[in-house]
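Written out below as structure tokens is the structure these notes cover.
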Amino acid sequence: MILLDTNTVIYYLKGVESVVARLNAASRHEVAIPSLTVYEIEYGNRKTGSRRRAIVSALLAALTQVPFDGEAAQEAARICSDLEARGLVIGPIDLLIAGTAVSRGAVLATSNTREFSRVKHLRLIDWTK
């Protein structure tokens, strides 16, 4: 499974060719979106015009949402503890997205590899390259 990070969804909406091509080529059974990414996209979406809102709503409706559940919470806590022990941090929402991906054994599609690469056992792919 491939989970979409917020920046990947934003690049898709902006029409970044490599991201659009990868998402369009992927099976809808292969790609999903963490509920936390939905939160970030919806929050940003409330600041845009109605035309963009309709496009975002259609995209989100086409993707399976993966909830932040108990397994993701346990994994996020493990990740946070590990990062703190190594003197590293990542943003709180990114921490929860990472926990969701690791708990599902998913690959995270993100261009934020600098931050997410700090997370052990998190597999990454950057569709902008």
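Restricting to the range 41-83, count the residues that are among the aliphatic types (A, V, I, L, M) and closer than 23 Å to His121 by Cα. Outline the logic, then answer.
First pass over the range 41-83, keeping only residues among the aliphatic types (A, V, I, L, M): 41, 54-56, 58-63, 66, 72-73, 76-77, 79, 83.
Now restrict to residues that are closer than 23 Å to His121 by Cα: 66, 72-73, 76-77, 79, 83.
Qualifying residue count for the region: 7.
Please give the number of the condition Leu88 fails out of (1) surrounded by 15 or more Cβ atoms within 10 Å (Cβ to Cβ); (2) part of a loop (DSSP other than H, G, I, E, B); (3) touching an Asp or Glu at 6+ places or on another chain (Cβ under 9 Å).
Against the list (1) surrounded by 15 or more Cβ atoms within 10 Å (Cβ to Cβ); (2) part of a loop (DSSP other than H, G, I, E, B); (3) touching an Asp or Glu at 6+ places or on another chain (Cβ under 9 Å), Leu88 comes up short only on (1).
Name the strands (runs of 3 or more DSSP E) wholly within the range 1-83 that hold at least 2 residues that are under 21 Å from Ser103 (Cβ atoms), among the β-branched types (Val, Ile, Thr) and touching a strand residue (DSSP E or B) at 6+ places or on another chain (Cβ under 7 Å)?
Values: elements: 2-4, 31-34, 64-66.
Correct list: 31-34, 64-66.
Which residue, of Val31, Val38, Val9, is within 18 Å of Arg123 (Cβ to Cβ) and among the β-branched types (Val, Ile, Thr)?
Details: Val38 fails: within 18 Å of Arg123 (Cβ to Cβ); Val9 fails: within 18 Å of Arg123 (Cβ to Cβ).
The match here is Val31.
So Arg114 passes all but one of these: (1) among the charged types (D, E, K, R); (2) outside any helix (DSSP H, G or I); (3) without any contact (Cβ under 8 Å) to a residue 12 or more places away in the chain. Which condition number does it fail?
Status for Arg114: all satisfied but (2).
Output the qualifying pairs, or none if there are none: Cβ atoms under 7 angstrom, residues six or more apart or on different chains, first residue in the range 33-55 and touching a residue at least 12 places away in the same chain (Cβ under 8 Å) and among the β-branched types (Val, Ile, Thr), second residue surrounded by 14 or more Cβ atoms within 10 Å (Cβ to Cβ) and assigned to a loop (DSSP other than H, G, I, E, B).
Once the first residue is touching a residue at least 12 places away in the same chain (Cβ under 8 Å) and among the β-branched types (Val, Ile, Thr) and sits in the range 33-55, its partners that are surrounded by 14 or more Cβ atoms within 10 Å (Cβ to Cβ) and assigned to a loop (DSSP other than H, G, I, E, B) give Ile33/Leu63; Thr37/Asp5.
Test Thr110 against the criterion of being in contact with a helix residue (DSSP H, G or I) (Cβ under 7 Å, 6 or more places away or on another chain) and among the polar types (S, T, N, Q), and give yes or no. Give the derivation first.
Numbers: in contact with a helix residue (DSSP H, G or I) (Cβ under 7 Å, 6 or more places away or on another chain): yes; among the polar types (S, T, N, Q): yes.
Yes; evaluated as a whole, the condition is true for this residue.
Asn24 passes all but one of (1) surrounded by 11 or more Cβ atoms within 10 Å (Cβ to Cβ); (2) under 21 Å from Asp126 (Cβ atoms); which number fails?
Of everything listed in (1) surrounded by 11 or more Cβ atoms within 10 Å (Cβ to Cβ); (2) under 21 Å from Asp126 (Cβ atoms), Asn24 misses just condition (1).
Any read-out appearing in this document is the output of simple, stated calculations on the displayed coordinates, not a laboratory observation. Source: prediction; values computed, not measured. Neighbour counts run over all protein chains shown; Cβ positions are idealised from the backbone, glycine included.
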